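Take a look at the structure below.
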Amino acid sequence: MNSQKNGLDLSRIGLGCGHMSNASETDKSRGIAAIHAALENGINHFNTADFYGAGRSEMLIGEALKGYNRDKYFISLKFGMLCAPNGFMYGLDVTPDNVKNYLTYSLKRLNIDYIDLYQPGRIDLGIPVEETIGAIADLVKAGYVKHIGVTQVDADTLSRAHATHPISLVEAEYSLFNRSIEKDILPTARELGIGVVAFGAAAHGLLAGDWTNERIQKSKGGFVPLFFEENIEKNVALVKRLGDIAAKKQMTVSQLAFAWMLSKGEDIIPLIGSLSPAHIQEALQSIDIRLTENDIKEIEEAVPENEIAGASFPNRKFRNGKAVRE
């Protein structure tokens with residue numbers, strides 16, 4: 001089942017390729033296997049960024065897709081985040097004059113002639129969004145980019161970007177543990193006819209796997225890519241409520257989460273970020289799950305927004321290339 005939006009024929013679920021940027025040969029092999037499994041199961045949408053692993057994600061995708069018919073897959077690519085050798089993202093460059101430089105290197109790493117959807121990794125508050133989008137629009141005219149997207153923006157910025165050049169997709173975090181886009185971004189996107197690509201659909205791992213006491217303890221004292229460490233027990237309690245609902249419906253919590261998101265509209269395309277072909281197939285099974293209005297109400301009442309503890313993803317802002325607090 002595909003999602004038709006703005007002339008785009010995209011699979012109902014896309015594959016997020018951020019996890020494919022590690023340097024080990026094992027991770028590389030798993031990443032290529034995941035891409036091939038996605039293609040074999042009907043996924044044609046691959047979401048990545050030039051700053052994922054300082055270009056490694058792009059090179060892996062390029063290798064995995066070598067020999068495949070170019071019109072059989074869709075590459076969504078973010079650019080502009082500045083990376084230090086240790087992997088830390090320390091700044092942003094979406095200066096209009098530099099956009100074509102980033103695109104040139106990405107085309108080489110991916111070994112393709114054009115990008116299906118190109119989008120700044122963030123918007124610089126010191127540079128009018130119209131200028132950055134205008135620079136990408138020039139690349140559309142030249143044939144190097146087919147469609148333009150934006151990510152991590154507010155409703156006003158989305159409207160201004162769309163007025164400069166039609167925006168095909170807006171990428172935003174969306175899950176049962178972060179429903180903030182329902183207030184402004186989602187209504188604005190729908191008013192303008194823009195599709196929504198949702199990352200973090202499984203709450204960055206919170207809704208995947210069993211939360212044993214051992215796993216909870218292991219999540220503390222290190223990098224937790226889902227929720228702040230001090231809030232983990234509170235959020236796991238909410239996940240267990242979802243687990244009860246999922247068990248009654250004979251599905252996993254992850255499938256329940258994807259089914260919930262898919263029920264929100266065909267203009268929403270959740271991403272699955274996994275190197276496991278089994279997890280990809282599991283997520284795809286959620287496409288056939290039909291939830292009633294009562295089901296959706298029960299699911300959302302199991303995770304009241306006022307009981308969610310902490311934030312799952314940093315909403316960093318930049319001005320003149322530097323991270324700022326607004």
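Since every read-out is calculated from the coordinates, none of them should be taken as a lab result. Please read all numbers here as calculations on a predicted model, not as lab measurements. So basically every Cβ, Gly included, is an ideal-geometry build from the backbone, and we count neighbours across all protein chains shown.
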Relative exposure of Tyr73, Tyr174, judged by other C-beta atoms within 10 Å (fewest first): Tyr73, Tyr174
Residue-averaged [θ]222 nm for the chain, counting only DSSP H segments that reach four residues, each worth -39500 (n - 2.57): -11000 deg cm²/dmol
Rounded, prolate or oblate (a/c below 1.5 giving rounded, otherwise prolate when a/b exceeds b/c) for the range 139-199 by Cα gyration tensor: prolate
Extension gain, Asp138 back to Glu300 (0.36 nm per residue minus Cα-Cα distance, nm): 54.0 nm
Spin-label model distance (nm) - Glu130 vs Gln250, 7 Å beyond Cα toward Cβ: 5.8 nm
Efficiency of FRET between Asn41 and Asn111 - r from beta-carbon atoms, R0 25 angstrom, step 0.05: 0.60
Contour minus Cα-Cα distance for Glu293 and Arg316 (0.36 nm per residue): 4.8 nm
Relative contact order (%) - the chain, alpha-carbon pairs under 8 angstrom, separation at least six: 20 percent
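Does the chain come out rounded, prolate or oblate, given a ≥ b ≥ c as the square roots of the eigenvalues of its C-alpha gyration tensor, rounded meaning a/c under 1.5 and, failing that, prolate meaning a/b above b/c?
rounded
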Nitroxide proxy distance, nm - points 7 Å out along Cα→Cβ at Phe88 and Asn101: 2.3 nm
Mean separation of Cα contacts under 8 Å, 6 or more apart, over the residue count of the range 22-97: relative contact order %: 29 percent
For the range 239-319: rounded, prolate or oblate by the Cα gyration tensor [a/c cutoff 1.5]: oblate
